[in-house]
Structure formats: C-alpha cells, structure tokens
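I have placed the structure first, in the form of structure tokens, so that the comments after it can refer back to it.
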Amino acid sequence: MRRSWVEIDEARLAANYSVVREAAGAEVLGVVKANAYGHGLEQCAAALARAGTRWLGVADAAEGMRARHALEAAGIGREAVDILAMCGVMPGEVTAIAEHGLTPVVWTVEQVGWLRGTGVRVHVEIETGMNRQGARPGAELAAVLKATADAGLELDGVCTHFSSAEVAGSERTRDQKRQFEAGIDQVRRFHPTSLRDVGHPGSRGFAPRWVHAGSSSSVDVGADAAWLEGLATSAGARAMVRSGIALYGYALEPVGAGSKIRGRLRPVMTWKTRVLDVREVAEGEAIGYNATFTAKRPMRVALLPVGYADGLRRELAGTDECAGGWVMVGDRRTAIVGRVSMNLTTVDVTEVEGVRVGDEVVLLGDGVTADDHARIAGTIAYEILCGVKA
C-alpha cells in the first residue's frame with residue numbers, strides 16, 4: 001500500500017561496520033539514533049549487533065526501548081549489547097532507563113540525582129569546547145563525580161565530542177583534546193572521602209571501562225586513534241569511537257587530509273517508488289507550480305507519487321534556469337522537471353524506452369546518492385537520510 005519504501009542492505013551495513021572497525025583500531029559504538037539516520041532503528045540495531053558491535057547509541061530512552069526490544073526479538077540478550085542514551089536523561093525517562101538496561105550519558109548534578117537508587121551505569125560527558133553537552137573540567141566535573149558516587153551509580157565511561165573532527169590538524173580539536181585529557185586526569189584522581197568507606201555503593205564507580213571520543217569523521221581522517229588509545233589506557237579503560245553516518249555508507253569530505261574509508265563505504269539505503277502516470281508534454285508547455293519549467297521540445301514525463309512531505313527535497317526541482325536533481329529509472333538518470341511538490345514529482349523519461357505505470361524508480365541508492373541530493377539542496381547527507389519518511 002505504500003507509495004514509496006526503503007530497502008536496507010544488511011550485508012552492506014555489516015561490511016561498512018567492518019571497514020570502520022578496522023580503520024578505528026578500537027571498539028566501535030554503532031549509532032542508531034534518529035531512526036538509524038532514517039534507515040530503520042529496529043532492523044539496523046539487530047543487524048549491527050550481528051555484525052559484531054557491543055554498543056549501540058540512541059538519542060533517548062524511547063529509542064533505547066525500541067532498540068532493546070529489537071535486540072530481544074532477534075535473540076540478542078543484554079549481556080551481548082549495551083545501549084548508550086547519548087542525549088542526557090529527563091525525569092520521566094528514569095524508569096525506562098532502569099527497566100531496559102540503558103546506559104545514560106549525564107553531565108549535571110540534577111541528572112545524576114534523578115537516577116539515584118536505580119543502580120544504573122552512567123557515562124559522564126566532559127565539555128571540551130563544543131558547549132552543547134558536558135561538565136567542564138574543574139568544579140563542574142568534580143560536582144558531577146561526587147554526585148555520581150553519592151547516588152551509588154557506577155561510572156562506566158567518560159566521553160566527549162569533537163566539533164570539527166573532519167578537519168585534519170584542527171587547532172579546535174587540539175584544544176578539545178587538551179581539555180579532555182585534563183578531565184580524564186581529574187576522573188583518575190577523584191577520591192571523595194565518602195568512597196573510603198568499605199562497601200560504599202559508589203566505591204567501584206571511578207574506574208571506567210570506557211573512554212570514548214571521535215566519530216565517523218575522526219576515523220576517516222585517522223588522526224585520533226593512537227591518542228585515544230593512550231588516553232584510555234592511562235585511565236585503565238578501553239578506547240571506543242562512536243560511528244554513525246559511515247555505517248550507512250557516507251562520510252563528510254575530509255579537510256586537509258585524504259580519506260581512509262570513504263572509498264570503501266557503500267550506501268545501505270535504497271529508497272524507491274513507482275511510476276504513477278506517464279504523459280506527453282508539447283513543446284512550449286509548462287510543468288508544475290509557477291511554470292518554472294517549460295518544455296523546449298516534445299517530452300514524455302513520468303509522475304512519481306512522492307514529494308517534499310516524504311523527504312524528497314524541494315530544492316531538487318529542475319527549472320528553466322538550472323538543472324535540478326534526478327532519479328534512476330532502470331539504469332538511466334532521469335531529470336526532475338518542475339517543482340517538487342508536496343506529494344508529487346515529475347521526471348523527464350523522454351529518452352527512456354517503455355516506461356509504464358507501476359515501474360520501479362530509485363529515489364536514493366546506486367546512481368543517485370544522499371551526497372548528490374545534499375549538494376543540490378545545500379545541506380549534508382545526514383539531513384537527507386534523516387528526512388526520508390517512507
């Protein structure tokens with residue numbers, strides 16, 4: 001009944017994971033937040049677990065519950081895969097976090113207080129320069145660490161996030177690394193008086209298992225692996241990177257360095273629709289809203305039952321002034337002509353033989369990628385993928 005649909009190639013997802021894991025030289029957390037970047041959280045969570053990841057990353061408790069249910073349905077238990085709720089915790093999420101064995105990222109005393117008595121493991125995020133999430137090294141971090149100990153929570157990991165990971169040799173990243181090193185050293189040296197009591201519930205909480213920083217871009221640039229491994233080792237922990245977009249076949253273009261992985265990744269998503277109608281258009285006739293495209297010759301156009309309400313960006317329109325995007329009919333590129341409207345889009349199939357109602361059309365996939373759409377729309381592949389609503 002659906003007029004467009006997404007097909008996910010699990011073999012490509014597993015292969016991309018292997019590429020990232022090999023290049024990272026560390027444990028890789030597979031990010032499945034935002035519905036696995038539009039690919040389908042449940043399917044991708046189970047597929048990545050089968051591919052070997054021991055950690056999945058979600059935005060919040062609601063996504064964490066979906067991921068846990070998907071893993072359980074696939075016969076994958078809690079002991080096999082941990083789930084990190086990366087965007088903090090809210091009071092109404094505490095019960096779900098505890099019941100579904102989720103590990104929240106925290107960075108405020110208030111967040112830690114909400115979790116008191118649950119016994120959950122937490123990862124503390126250190127603010128190093130992005131000013132989005134995290135406790136600053138010094139008094140802020142000390143307060144969060146003390147609150148964690150007093151609440152009887154286990155500090156399972158420590159993390160940060162780089163703002164410019166795709167820029168090789170970035171001074172901003174160097175500054176963030178120095179801040180993270182200071183934060184890790186503070187964690188290592190933290191021994192509140194309350195922890196001297198034998199049997200204190202927080203006494204096991206300050207030897208984190210994991211130190212993680214970095215992303216798909218960090219792996220692609222290849223500059224952080226040795227540094228992260230050394231930093232984790234200094235804390236008696238294991239290094240981990242968090243990869244999202246690369247698992248799905250994409251990565252930002254590196255700045256100032258060659259790519260380690262981009263050429264080895266393959267898109268996981270194919271977004272398809274079917275031809276709704278085919279019609280002839282005479283020379284001089286206009287197509288679509290505001291008559292932005294005029295036929296320069298007799299044309300045959302196919303009508304597709306998708307538009308910007310489904311995630312096909314309006315910027316892909318082809319007009320008299322500029323070419324827009326394209327789709328794949330068979331193995332042929334067919335240009336979008338006229339406005340992309342809310343639920344309908346027209347494409348030029350004049351040069352494609354035998355196009356009929358019901359024929360499959362590839363909106364995203366081999367031959368037309370999220371990078372192609374992003375370049376025309378003036379955005380990034382992340383937004384294109386997350387916007388697909390099939």
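Per the conditions (1) within 30 Å of Val105 (Cα to Cα); (2) among the hydrophobic types (A, V, I, L, M, F, W, C); (3) assigned to a helix (DSSP H, G or I), the sole criterion not satisfied by Val211 is (3). The residue that is farthest from Val105 (Cα to Cα), counting only those in the range 155-191 that are under 27 Å from the mean Cα position of the chain (by Cα) and acidic (Asp, Glu), is Glu171. Note on the range 278-310: residues that are assigned to a strand (DSSP E or B) and of a type in the set (Lys, Arg) amount to 2. Pairs meeting the criteria (first residue in the range 44-66 and at pLDDT 95 or above and part of a loop (DSSP other than H, G, I, E, B), second residue of a type in the set (Gly, Ala, Ser) and open to solvent by less than 30 Å² (accessible area, probe 1.4 Å), beta carbons under 7 Å, at least 6 apart or on different chains) are Thr53/Gly30; Asp60/Ala85. Residue count for the range 227-256, restricted to those that are over 22 Å from the mean Cα position of the chain (by Cα) and part of a helix (DSSP H, G or I): 7. Among residues of the range 90-103 that are among the small types (Gly, Ala, Ser), none has a Cβ under 8 angstrom from a residue that is assigned to a helix (DSSP H, G or I) and modelled with pLDDT under 95 at a sequence gap of 6+ or on a separate chain. If you go through the range 142-157 one residue at a time, do you hit one that is open to solvent by 10 Å² or more (accessible area, probe 1.4 Å), touching a helix residue (DSSP H, G or I) at 6+ places or on another chain (Cβ under 6 Å) and not in a loop (DSSP other than H, G, I, E, B)? Yes, the range 142-157 contains at least one residue that is open to solvent by 10 Å² or more (accessible area, probe 1.4 Å), touching a helix residue (DSSP H, G or I) at 6+ places or on another chain (Cβ under 6 Å) and not in a loop (DSSP other than H, G, I, E, B). Scanning the range 337-387 for residues that are outside any loop (DSSP other than H, G, I, E, B) and free of Cβ contacts under 8 Å to residues at least 40 places away in the same chain yields a count of 3. Of all the criteria given as (1) of a type outside the set (A, V, I, L, M); (2) farther than 29 Å from His191 by Cα; (3) touching a Lys or Arg at 6+ places or on another chain (Cβ under 9 Å); (4) open to solvent by 30 Å² or more (accessible area, probe 1.4 Å), the one not satisfied by Gly249 is (4). Cβ separations smaller than 7 Å between residues 6+ apart or across chains give no pair from the range 265-283 residues that are free of Cβ contacts under 8 Å to residues at least 24 places away in the same chain to residues that are acidic (Asp, Glu). Number of residues in the range 157-176 that are modelled with pLDDT of 95 or more and in contact with a Pro (Cβ under 6 Å, 6 or more places away or on another chain) equals 2. Can you confirm whether the range 288-310 contains a residue that is surrounded by fewer than 20 Cβ atoms within 10 Å (Cβ to Cβ) and in contact (Cβ under 8 Å) with a residue 60 or more places away in the chain? Yes, some residue in the range 288-310 is surrounded by fewer than 20 Cβ atoms within 10 Å (Cβ to Cβ) and in contact (Cβ under 8 Å) with a residue 60 or more places away in the chain. For the range 318-332, enumerate the residues that are outside any strand (DSSP E or B) and open to solvent by 10 Å² or more (accessible area, probe 1.4 Å). Passing the criteria: Thr319, Asp320, Glu321, Cys322, Ala323, Gly324, Gly330, Asp331. Exactly one residue out of Leu102, Leu84, Leu115 is within 24 Å of Ala51 (Cβ to Cβ), modelled with pLDDT of 95 or more and either touching a helix residue (DSSP H, G or I) at 6+ places or on another chain (Cβ under 8 Å) or small (Gly, Ala, Ser) (or both): that is Leu102. When Arg339 is tested against (1) closer than 26 Å to Arg266 by Cα; (2) in contact with a helix residue (DSSP H, G or I) (Cβ under 7 Å, 6 or more places away or on another chain); (3) of a type in the set (D, E, K, R), only condition (1) is not met. On the basis of being at negative phi, in a loop (DSSP other than H, G, I, E, B), in contact with a Ser or Thr (Cβ under 9 Å, 6 or more places away or on another chain) and open to solvent by 30 Å² or more (accessible area, probe 1.4 Å), does Arg116 make the cut? Judged against the criteria, Arg116 is not a match.
The values are calculated or read from the model by the stated rules, or taken from the named source; none is laboratory data. Predicted model, so just to flag it, every value in this text is computed and none were measured. With ideal geometry, Cβ positions are generated from the backbone for all residues, glycine too; neighbour counts draw on all protein chains shown. These accessible areas exclude ligands, DNA and RNA; they are computed on the full protein's heavy atoms, side chains included. Shrake-Rupley method; radii C 1.70, N 1.55, O 1.52, S 1.80 Å.
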